[in-house]
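One structure below.
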Amino acid sequence: MTRFIGRHGRGVLGLIIAALVLVAAVAAPLLVAQDPLRSDFAVGLQPPGTPGHPLGTDQLGRDLLARVLYGARVALFIGLCCVLLTAMVGGLAGLLAGDPLRAEEGSATDRIADAARRLAEGPGEGRTSLPQHDDDDLHRDEPEHEEGHPASKLWEVERRHERERDGHDEGACRSPERRLSH
């Protein structure tokens, strides 16, 4: 045990402090007799160490120890809610991204995860914004070509419009000046 504490002393110290804060916040009603919201103007701005007010009082005469302990309860509750909400949203995103039926490069969940990773990394190495994807990335995989399938026809029309817009029409070669005029 002493070897573990010697090796991870700072971590153990942090764990002890966090445990003490948690116990103090949970036991706040037992540790202080004063109501943190009750004002007593007669004892306003008392210094620390005043009998009945170990940390003193504020301008309105409220006990600072009671306010700190009850405030810790609120802060811990907000922190717990944030952690739970983040875990639920992240878990759901991970489940969606890891679904083998939807797992393909360039999918919506893949792009969201890529954008989140790049935002977390921050700007650097000449990168100042989110990655830009080519239009071809959107049409990487052709839909099933079945006779009369609406997705197949829509895909073909979109590809034809893109080729015409970019000047890659079959057999047609446009000059750069003509491409810029469109």
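The values are calculated or read from the model by the stated rules, or taken from the named source; none is laboratory data. Bear in mind the structure is a predicted one, so any value in this text is a computation, not a measurement. Note that we place each Cβ from the backbone using ideal geometry, even for glycine, and neighbour counts take in every protein chain shown.
The set of residues in the stretch 13-61 being in contact with a helix residue (DSSP H, G or I) (Cβ under 9 Å, 6 or more places away or on another chain), closer than 16 Å to L76 by Cα and assigned to a helix (DSSP H, G or I) consists of V21, L22, A24, A25, V26, A28, P29.
Taking the listed residues A72, A115, A93, the one that is touching a residue at least 40 places away in the same chain (Cβ under 8 Å) and surrounded by 11 or more Cβ atoms within 10 Å (Cβ to Cβ) is A72, with no other qualifying. Whenever a residue of the stretch 150-168 is assigned to a helix (DSSP H, G or I), it has no partner that is surrounded by 12 or more Cβ atoms within 10 Å (Cβ to Cβ) and at pLDDT 75 or above lying with C-beta atoms less than 7 angstrom away and at least six residues away or across chains.
Taking the listed residues A75, A116, the one that is assigned by TED's automatic domain parsing to the domain that holds S39, among the small types (G, A, S) and modelled with pLDDT of 75 or more is A75, with no other qualifying.
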